[in-house]
């Protein structure tokens with residue numbers, strides 16, 4: 001049995017394939033980002049998923065693509081945990097950017113971007129990924145990501161820059177006691193996930209001028225820092241992966257058009273395309 005996983009910071013989607021490459025089951029765990037989640041919690045999130053544990057001795061290979069898996073240290077941490085649980089499996093770990101490439105374009109050259117809890121981009125030349133800059137995560141980067149939008153909404157709410165009607169709805173929907181917010185930001189293990197939960201608020205108010213302005217501004221930042229530096233023309237297809245891109249597609253396409261670029265496709269969840277890629281290898 002083979003396990004293929006697409007692991008973001010918020011959640012990780014798993015698909016098991018049997019010996020005939022047929023889908024055996026699907027499972028979802030909490031996010032498994034080894035750059036922000038400690039080893040004990042990573043292990044707990046895996047072993048608490050019954051479906052995975054029920055086949056742990058049957059698994060012969062794991063292809064794990066995850067947020068936070070772009071450098072050797074976090075890869076080593078996660079690989080050690082997976083190998084200790086799935087003792088008969090050969091474990092392969094790569095960053096989520098590669099999963100996005102395989103899911104979006106397979107083996108054809110393209111610009112591939114992630115807009116989910118975090119954000120990132122690369123140019124894939126058909127064989128290798130090329131990245132203009134390292135990803136330093138939610139504190140310094142992650143433009144137009146769920147956590148970036150969450151930070152903006154919280155700042156505007158507390159600085160009273162949010163329109164009154166929207167602020168009232170925001171307060172109704174979330175626990176905004178200052179001590180609760182600070183506890184989740186500075187004492188809990190996944191502040192990036194916590195911040196991204198606020199971004200869901202925008203889905204219900206995406207036609208409001210205030211929300212549209214926030215989205216457009218962040219998308220422009222993403223293009224400035226993560227797409228335009230590659231200096232590609234409209235002939236190079238651009239693919240986006242993630243819920244932020246999926247739900248705000250119309251605004252994203254307008255920002256792309258402003259730069260004479262065209263979006264070739266948007267995929268909310270890449271796991272199915274990723275499985276198809278591995279089936280064809």
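The values are calculated or read from the model by the stated rules, or taken from the named source; none is laboratory data. Since this is a predicted model, take the numbers as computed values, not measurements. All Cβ positions, even for glycine, are placed from backbone atoms using ideal geometry, and neighbour counts span all protein chains on display.
The table below gives the values:
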item	result
Matching helices (runs of 4 or more DSSP H) fully within the stretch 198-281 where at least 1 residues are within 21 Å of residue 156 (Cβ to Cβ)	209-222, 243-247, 249-258
Filtered residue count, the stretch 170-185, keeping only those that are in contact (Cβ under 8 Å) with a residue 24 or more places away in the chain and surrounded by fewer than 16 Cβ atoms within 10 Å (Cβ to Cβ)	1
Selected residue [surrounded by 15 or more Cβ atoms within 10 Å (Cβ to Cβ), at positive phi, in contact with a helix residue (DSSP H, G or I) (Cβ under 9 Å, 6 or more places away or on another chain) and modelled with pLDDT under 95] from 137, 118	137
Residues of the stretch 225-248 that turn out to be touching a residue at least 60 places away in the same chain (Cβ under 8 Å) and either touching a helix residue (DSSP H, G or I) at 6+ places or on another chain (Cβ under 9 Å) or within 18 Å of residue 137 (Cα to Cα) (or both), as a count	13
Number of positions in the stretch 32-52 that are in contact (Cβ under 8 Å) with a residue 12 or more places away in the chain and assigned to a helix (DSSP H, G or I)	9
Test: residue in the stretch 73-83 that is without any contact (Cβ under 8 Å) to a residue 60 or more places away in the chain and assigned to a loop (DSSP other than H, G, I, E, B)	no
Residues satisfying the stated conditions in the stretch 162-189, i.e. under 24 Å from residue 204 (Cα atoms), within 24 Å of the chain's Cα centre (by Cα) and assigned to a loop (DSSP other than H, G, I, E, B)	174
Unmet requirement for residue 29, which otherwise passes all of (1) within 21 Å of residue 274 (Cβ to Cβ); (2) touching a residue at least 24 places away in the same chain (Cβ under 8 Å)	(2)
In the stretch 84-114, the residues that are assigned to a strand (DSSP E or B) and in contact with a strand residue (DSSP E or B) (Cβ under 6 Å, 6 or more places away or on another chain)	90, 91, 92, 93, 94, 110, 111, 112, 113, 114
Out of 71, 10, sole residue that is over 16 Å from residue 269 (Cβ atoms) and out of contact with any strand residue (DSSP E or B) (no Cβ under 7 Å at 6 or more places or on another chain)	71
Among residues of the stretch 186-235, those that are crowded, with 16+ Cβ neighbours inside 10 Å and in contact with a strand residue (DSSP E or B) (Cβ under 7 Å, 6 or more places away or on another chain), counted	4
Matching residues, the stretch 146-161, being in a helix (DSSP H, G or I) and surrounded by fewer than 18 Cβ atoms within 10 Å (Cβ to Cβ)	155, 156, 158
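Results for (1) exposed (fewer than 14 other Cβ atoms within 10 Å of the Cβ); (2) closer than 24 Å to residue 118 by Cβ; (3) modelled with pLDDT of 95 or more, shown as yes or no for each residue.
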residue	(1), (2), (3)
13	no, yes, no
18	yes, no, no
21	yes, no, no
26	yes, yes, no
30	no, yes, no
33	no, yes, no
36	no, yes, no
43	no, yes, yes
46	no, yes, yes
